[in-house]
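Some notes on the structure that comes next.
The values are calculated or read from the model by the stated rules, or taken from the named source; none is laboratory data. Nothing here was measured: the structure is a model prediction, and the numbers come from that model. Ideal geometry is used to build each Cβ from the backbone, glycine not excepted, and the neighbour counts take in all protein chains shown.
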Ligand SMILES: [Zn+2]
């Protein structure tokens with residue numbers, strides 16, 4: 001659980017004072033007394049069936065004595081862009097491509113920040129369901145002072161082609177390197193028929209460390225992890241492996257301050273800008289429906305039918 005370790009490192013980091021300054025991230029998963037009460041009964045036991053070894057929930061109560069972060073949380077964005085549907089690519093049989101899929105978000109609960117913001121914290125898992133590895137390498141570009149990311153797209157004969165795939169950035173709060181713009185988190189309102197209606201809250205441009213964290217039960221999953229370090233040299237997700245950011249990881253939030261009670265959907269989309277070459281761009285989103293009542297959040301098994309929405 002690298003991010004669990006990371007999390008506690010972060011607490012130490014905050015205790016040591018000042019090392020998270022300059023970050024635009026949310027405070028660590030420190031709960032207010034009210035949120036502690038709510039969080040003690042969550043996260044719900046529901047976890048995706050395809051996660052072979054779901055992370056054990058960490059009691060928020062044990063974190064209540066953590067220092068209050070001094071930084072101001074990111075304000076709820078007012079602009080809520082909706083990505084255009086990406087056409088499904090035709091699969092070239094000469095290529096061994098990855099296929100990125102987001103599992104339905106889980107471990108969801110409402111956290112109230114000292115500043116008054118209400119955020120949904122949740123765990124996010126990304127599966128490589130394709131036959132090919134997602135492998136990216138960084139290269140420093142002095143002219144632009146960035147670290148460009150190149151994806152190695154493998155052919156069945158073992159050779160590979162290079163595909164530009166965005167930028168690595170050093171994430172101060174996580175203290176390691178991320179691929180920029182790798183995930184998009186949205187809360188949607190629903191129509192009376194339970195269809196996704198409008199984006200009502202969003203966390204855009206989430207950066208991510210790509211690594212083999214949990215082996216799925218897919219028969220073609222690699223037996224051992226290959227990518228285990230979040231550096232700027234090489235990152236990846238092996239076939240059949242899952243990369244998870246747990247709910248207590250800084251940034252694992254959508255700010256829902258002011259959102260009325262009702263039934264909504266949290267939709268998480270991997271590679272929303274289509275930076276990575278993969279088999280199918282039509283299956284990148286995972287969706288979890290939930291009821292919101294004040295600080296209580298109830299995850300639902302599926303889209304509701306005939307609900308009244310605000
Ligand atoms: Zn990270």
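Could you run through the stretch 155-175 and say how many residues are surrounded by fewer than 19 Cβ atoms within 10 Å (Cβ to Cβ) and away from the ligand (no atom under 16 Å from the Cβ)?
Qualifying residue count, the stretch 155-175: 10.
Considering only the stretch 140-155, I want to know if a residue exists there that is under 30 Å from residue 303 (Cβ atoms), part of a strand (DSSP E or B), in contact (Cβ under 8 Å) with a residue 60 or more places away in the chain and in contact with a strand residue (DSSP E or B) (Cβ under 6 Å, 6 or more places away or on another chain).
So the first thing to find is which residues in the stretch 140-155 are under 30 Å from residue 303 (Cβ atoms), and the list is none.
Within the stretch 140-155, none of the residues are under 30 Å from residue 303 (Cβ atoms), part of a strand (DSSP E or B), in contact (Cβ under 8 Å) with a residue 60 or more places away in the chain and in contact with a strand residue (DSSP E or B) (Cβ under 6 Å, 6 or more places away or on another chain).
Condition test on residue 239, is it surrounded by 21 or more Cβ atoms within 10 Å (Cβ to Cβ) and more than 25 Å from residue 303 (Cβ to Cβ)?
On the way: surrounded by 21 or more Cβ atoms within 10 Å (Cβ to Cβ): yes; more than 25 Å from residue 303 (Cβ to Cβ): yes.
Criteria met by residue 239.
Are any residues in the stretch 244-273 surrounded by fewer than 17 Cβ atoms within 10 Å (Cβ to Cβ) and touching a helix residue (DSSP H, G or I) at 6+ places or on another chain (Cβ under 6 Å), and if so, which ones?
To start, the set of residues in the stretch 244-273 that are surrounded by fewer than 17 Cβ atoms within 10 Å (Cβ to Cβ) comprises 257-258, 260-262, 273.
Of everything in the stretch 244-273, nothing turns out to be surrounded by fewer than 17 Cβ atoms within 10 Å (Cβ to Cβ) and touching a helix residue (DSSP H, G or I) at 6+ places or on another chain (Cβ under 6 Å).
Scan (1) touching a residue at least 60 places away in the same chain (Cβ under 8 Å); (2) within 16 Å of the ligand (Cβ to nearest atom) for the single condition residue 180 breaks and write down its number.
Checking residue 180 against (1) touching a residue at least 60 places away in the same chain (Cβ under 8 Å); (2) within 16 Å of the ligand (Cβ to nearest atom), the one that fails is (1).
In the list 191, 150, which residue meets the criterion of being more than 27 Å from residue 122 (Cβ to Cβ) and away from the ligand (no atom under 16 Å from the Cβ)? Even if it seems obvious, please write down each step before you answer.
Numbers: 191 fails: more than 27 Å from residue 122 (Cβ to Cβ).
150 is the lone residue from the list that is more than 27 Å from residue 122 (Cβ to Cβ) and away from the ligand (no atom under 16 Å from the Cβ).
Only residues that are surrounded by 21 or more Cβ atoms within 10 Å (Cβ to Cβ) and away from the ligand (no atom under 16 Å from the Cβ): list them for the stretch 201-214, please.
Residues satisfying the conditions are 201, 202.
Tell me yes or no: at least one residue of the stretch 101-108 is over 18 Å from residue 283 (Cβ atoms), at pLDDT 95 or above and assigned to a loop (DSSP other than H, G, I, E, B).
no
Within the stretch 298-309, identify whether any single residue is at pLDDT 95 or above and within 15 Å of the chain's Cα centre (by Cα), and answer yes or no. Explain how you work it out, then say what you get.
First, pick out the residues of the stretch 298-309 that are at pLDDT 95 or above: 298-300.
Now restrict to residues that are within 15 Å of the chain's Cα centre (by Cα): none.
For the stretch 298-309, residues at pLDDT 95 or above and within 15 Å of the chain's Cα centre (by Cα): absent.
Do we find a residue being touching a residue at least 12 places away in the same chain (Cβ under 8 Å), in contact with a strand residue (DSSP E or B) (Cβ under 7 Å, 6 or more places away or on another chain), within 16 Å of the ligand (Cβ to nearest atom) and in a strand (DSSP E or B) anywhere in the stretch 111-122?
yes
Going through the stretch 244-264 one residue at a time, which ones are farther than 27 Å from residue 166 by Cβ and either free of Cβ contacts under 8 Å to residues at least 12 places away in the same chain or within 15 Å of the chain's Cα centre (by Cα) (or both)?
Matches in the stretch 244-264: none.
Report whether or not residue 234 is surrounded by fewer than 15 Cβ atoms within 10 Å (Cβ to Cβ), in contact with a strand residue (DSSP E or B) (Cβ under 6 Å, 6 or more places away or on another chain) and touching a residue at least 60 places away in the same chain (Cβ under 8 Å). Reasoning before the result, please.
On the way: surrounded by fewer than 15 Cβ atoms within 10 Å (Cβ to Cβ): yes; in contact with a strand residue (DSSP E or B) (Cβ under 6 Å, 6 or more places away or on another chain): yes; touching a residue at least 60 places away in the same chain (Cβ under 8 Å): yes.
Spelling it out, residue 234 is indeed surrounded by fewer than 15 Cβ atoms within 10 Å (Cβ to Cβ), in contact with a strand residue (DSSP E or B) (Cβ under 6 Å, 6 or more places away or on another chain) and touching a residue at least 60 places away in the same chain (Cβ under 8 Å).
Just the residues that are within 12 Å of the ligand (Cβ to nearest atom) and at positive phi, please, taken from the stretch 218-271.
Residue satisfying the conditions is 251 alone.
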